[in-house]
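Shown next, in structure tokens, is the structure this report addresses.
Bear in mind these aren't lab numbers, they're just calculated from the coordinates by the rules spelled out. As the structure is a computational prediction, the values presented were derived from the model and not from experiment. Reconstructed Cβ throughout: ideal geometry from the backbone, glycine too, with neighbour counts over all protein chains shown.
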Amino acid sequence: MISKTKKQCKVDKCSSLLFGKGFCSFHYKMEKVKENKGLKKTVSVISIEKKKIKTENTKKLHEFMKEWWESFGKYKKCMACSKLLPIDFSTINVDHLVSKKVYPQFAFDVNNFYLCCADCHHAKELGFPKEHHKQAIINFKKTI
């Protein structure tokens, strides 16, 4: 008769029977915890890198938008309502006609930029752009 010996946990001084991957049920759970912590660390590092890249890209975009903004001279008017815009640059006063998230390839396209006051910008974000703003969006979409 062949004797069937049950294998024991591969952790030193543990005499418990195997549960999975060479470990007893207790040490198997401990290994899973270690694996998950390692995975979380990896995901965390990737997330930090992605955030860093996104921040750098946003900074570049804002610098590019500011250059475009400055090309209009000292006094600028909202292209939708003709309201005088602040003298100092703010990203709220440069609208992307089509979303950067939906059309990331047009994020740096000056044809996708539109000078507007905060009120007109918010109206567009809520889905109610003024007629001139709406027409600019339609015209830009025709080119893509």
Response to the item:
Checked Phe64, Phe108 against criteria (among the hydrophobic types (A, V, I, L, M, F, W, C), under 24 Å from the mean Cα position of the chain (by Cα) and part of a helix (DSSP H, G or I)); the one match is Phe64
Worksheet entry | Members of segment 89-114 found to be surrounded by fewer than 21 Cβ atoms within 10 Å (Cβ to Cβ) and either at positive phi or touching a Cys at 6+ places or on another chain (Cβ under 9 Å) (or both), listed by number | Ile92, Asn93
Worksheet item: Does segment 135-144 include one or more residues that are in contact with a helix residue (DSSP H, G or I) (Cβ under 8 Å, 6 or more places away or on another chain), surrounded by 11 or more Cβ atoms within 10 Å (Cβ to Cβ), among the β-branched types (Val, Ile, Thr) and free of Cβ contacts under 8 Å to residues at least 40 places away in the same chain?
Response: no
